[in-house]
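Down below is the structure, laid out as structure tokens.
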Amino acid sequence: MEGVAQEPARAFVFHSSPRSSLTRTQARLAFWALAGVSFGVAMAFAALGYWPILPFAGLEIGILAWAFDALRERERDFETLTIDGDAVVLEWRHARQCGRREMNRQWMRVELDCAGPGRACRLRVRSHGRDTEVGQFLSDDARQQLAATLRSKLQV
């Protein structure tokens, strides 16, 4: 008797990361352009005798460098949720915190809390008394769509 080869079920994978409107090269150019303008204006005032402006210009450029570095650090953030059979794996990186959580599909619940109709929604997956927020890089509409998709994938 010949067996019918069944194609293995594909895993559902949801991956999300923040949008970055500037490439690294564009960010460097923007930083140096802003720093150049700030330092140029400070030097012009310093040449007129208003030299106390120089430390403030340096502070401004330092804060600008910190802000661009914080943005660059967030480029590596991500969330990945994989449903493969009965295994659900959630991996994330937010700022400098990384995590991984494995759950059983049968015990997992999807919770969507919205402060108002379609506003300020929080999507969480819950299993064994622990919940983890998902979809932090998504809009509220996209969180609602993801919640519906996850609910349909989790049904037996």
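Before moving on, here are some points about what is shown:
- Set F45, F56: member being at pLDDT 90 or above, more than 26 Å from R19 (Cβ to Cβ) and surrounded by fewer than 13 Cβ atoms within 10 Å (Cβ to Cβ): F56
- Of all residues in segment 52-106, those satisfying the criterion of being assigned to a loop (DSSP other than H, G, I, E, B), over 23 Å from D131 (Cβ atoms) and within 22 Å of the chain's Cα centre (by Cα) are E75, R76.
- Leading residue by the ranking (surrounded by the most Cβ atoms within 10 Å (Cβ to Cβ)) among those in segment 89-108 that are touching a residue at least 40 places away in the same chain (Cβ under 8 Å) and within 15 Å of K153 (Cβ to Cβ): L90
- Residue list for segment 83-138, filter: within 25 Å of S21 (Cβ to Cβ) and of a type in the set (V, I, T): V134
The values are calculated or read from the model by the stated rules, or taken from the named source; none is laboratory data. The structure displayed is predicted, hence computed values, not measured ones. Using ideal geometry, Cβ is built from the backbone for each residue, glycine included, and neighbour counts are taken over all protein chains shown.
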